[in-house]
Amino acid sequence: MLNENIRIRRESKGLSQEELAIKLNVVRQTISKWERGLSVPDSDMLISISEALEIPVSTLLGENIIAPKADDLKAISAKLEVINSQLAQRKTTRRRILHWLFIALCVVIAAIFGILLAFESPYLGWNYSDSETAVLGTAVHSFEWLFVRAAPIILIGAIIGIFLTRKKE
């Protein structure tokens, strides 16, 4: 039972006897003897084997491990294919949402520029001796100053984003 469990788990992990021997710091012939049932590893080595094969010691010593069958692999492949298609669909949806967010950002920036041009900075003619008007005028002026300097950079980034997220056929 132990000998078959070591062999089946080693093969399922894709390890050769030589590779497992290197991980355990033993010679390949030792692995071969264990797998043929000619010798048994000691308790410390069982722990090392379980760590190398990523399996509990109780499973190594207990019931037989069933080697995966071709039908099982086909079922797993089918499940992975479904998962991959779902992930691809999710990626496409995210890309589409991002694309439309970039377009909306460009429209919002253009609208704000249009509003600023239409009003021609009316706050510059306000009476700044009134404290409420002065605070509001300063806030509007700060927004306009910041927007006029940052918006072109953001607009260029959004346009680049639109081109990078467009549907490629």
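For the stretch 11-63, give me the residue count where each residue is touching a residue at least 60 places away in the same chain (Cβ under 8 Å) and either among the polar types (S, T, N, Q) or touching a Cys at 6+ places or on another chain (Cβ under 7 Å) (or both).
Selection size over the stretch 11-63: 0.
I'd like to know if the stretch 70-92 contains one or more residues that are assigned to a helix (DSSP H, G or I), modelled with pLDDT of 85 or more, surrounded by 11 or more Cβ atoms within 10 Å (Cβ to Cβ) and among the β-branched types (Val, Ile, Thr).
Within the stretch 70-92, one or more residues are assigned to a helix (DSSP H, G or I), modelled with pLDDT of 85 or more, surrounded by 11 or more Cβ atoms within 10 Å (Cβ to Cβ) and among the β-branched types (Val, Ile, Thr).
Is it the case, given these coordinates, that Ile103 is in a helix (DSSP H, G or I) and either among the aromatic types (Phe, Trp, Tyr) or under 26 Å from the mean Cα position of the chain (by Cα) (or both)?
The answer is yes for Ile103.
Just give me the residues in the stretch 8-46 being outside any helix (DSSP H, G or I) and among the basic types (Lys, Arg), in sequence order.
Lys13
Can you find a residue in the stretch 47-56 that is of a type outside the set (Val, Ile, Thr), at pLDDT 85 or above and outside any helix (DSSP H, G or I)?
The answer is yes; a qualifying residue exists.
The values are calculated or read from the model by the stated rules, or taken from the named source; none is laboratory data. All of these numbers come straight from a predicted model, not from anything done at the bench. A quick note on method: Cβ atoms are made from the backbone with ideal geometry, for glycine too, and the neighbour counts reach across all protein chains shown.
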